[in-house]
Amino acid sequence: MHRKINIAIDGYSSCGKGTLAKALAKALGYVFIDSGAMYRAVTLYMQREGVNVDDEDAVSLALEHVVVGFQNNAEQQSEVTLNGVCVESEIRNIEVASKVSEVAKIGAVRTKMVALQQAIGSNKGVVMDGRDIGTVVFPDAELKIFMTASQEVRAQRRFAELLAKGDDVTLEEIAKNLQHRDAIDASRENSPLTMTADYRVLDNSDLDRDAQFALAMGWVEAAIQGV
Ligand code: DC
């Protein structure tokens, strides 16, 4: 029996972190956790309750009424819940995307989400994707991957995803939103997106899913063996 490890996958928005994380979790029989979905669920709550997300105190106060969790759907894929109700689809819209970086930079929000993430990973066997997973949530993760891709490729991917969902958005809107989020995610005071020397860098601008998976699985095997 192989020892279980934690795998941290960090990087900018729409780099395909979730796709890789899900594929690795499935192949390894690990739990997949989309940490961005947790920040999105908090944002959705604030928007539904009419809380001004630029008011940190108001957000911190309202946060007391927020319970974020995960449940498995019929296909055994984990879905995020907000106060016990699945919100997987609602959190992917452009309204949530346009405000989530503001919410995710608030200290109280991060403290609450990180504590939950660490509890989920305490028994190992977790693949978690986000921005600060290898730096803050699991600094001891046995494998840390930093994913990146060109801005054009990322905007095109997210555009195709939202179009397929039937959302009425333009490529320009998406590109602007990505740039805006990149800037906030990388420059915020609390746990900014950054990389340390122990990360493996995966640029998938020119890699298809299979090639990306094969590369990452090689790293996983090495990490499990402790090399
Ligand atoms: O990965 P995503 O696009 O669903 O993430 C949504 C937002 O949440 C993103 O703008 C940054 C933030 N986020 C974060 O601050 N820390 C994480 N670990 C994951 C996401």
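The values are calculated or read from the model by the stated rules, or taken from the named source; none is laboratory data. Just so you know, these numbers come straight off a predicted model, no measurement behind them. FYI the Cβ positions are ideal-geometry reconstructions off the backbone, even for glycines, and counts take in every protein chain you see. Surface accessibility is based on the protein's heavy atoms, side chains included, excluding ligands, DNA and RNA. Shrake-Rupley method; radii C 1.70, N 1.55, O 1.52, S 1.80 Å.
Consider residue 111 against the criteria (1) under 22 Å from residue 196 (Cα atoms); (2) touching a residue at least 12 places away in the same chain (Cβ under 8 Å): it satisfies all of them except one. Which criterion is unmet? Evaluating residue 111 over (1) under 22 Å from residue 196 (Cα atoms); (2) touching a residue at least 12 places away in the same chain (Cβ under 8 Å) leaves (2) as the failure.
Among the residues of region 12-33, at least one is in contact (Cβ under 8 Å) with a residue 12 or more places away in the chain, away from the ligand (no atom under 15 Å from the Cβ) and either of a type in the set (Asp, Glu) or on the phi > 0 side of the Ramachandran plot (or both). The condition (being under 18 Å from the mean Cα position of the chain (by Cα) and at pLDDT 90 or above) is satisfied by just one residue among 220, 201: 201. For region 160-181, the criterion of a residue being away from the ligand (no atom under 16 Å from the Cβ), in contact with a strand residue (DSSP E or B) (Cβ under 7 Å, 6 or more places away or on another chain), at pLDDT 90 or above and over 25 Å from residue 111 (Cβ atoms) is satisfied by no position.
Residues of region 153-195 that are of a type in the set (Asp, Glu), closer than 30 Å to residue 143 by Cα and open to solvent by 20 Å² or more (accessible area, probe 1.4 Å): 161, 189.
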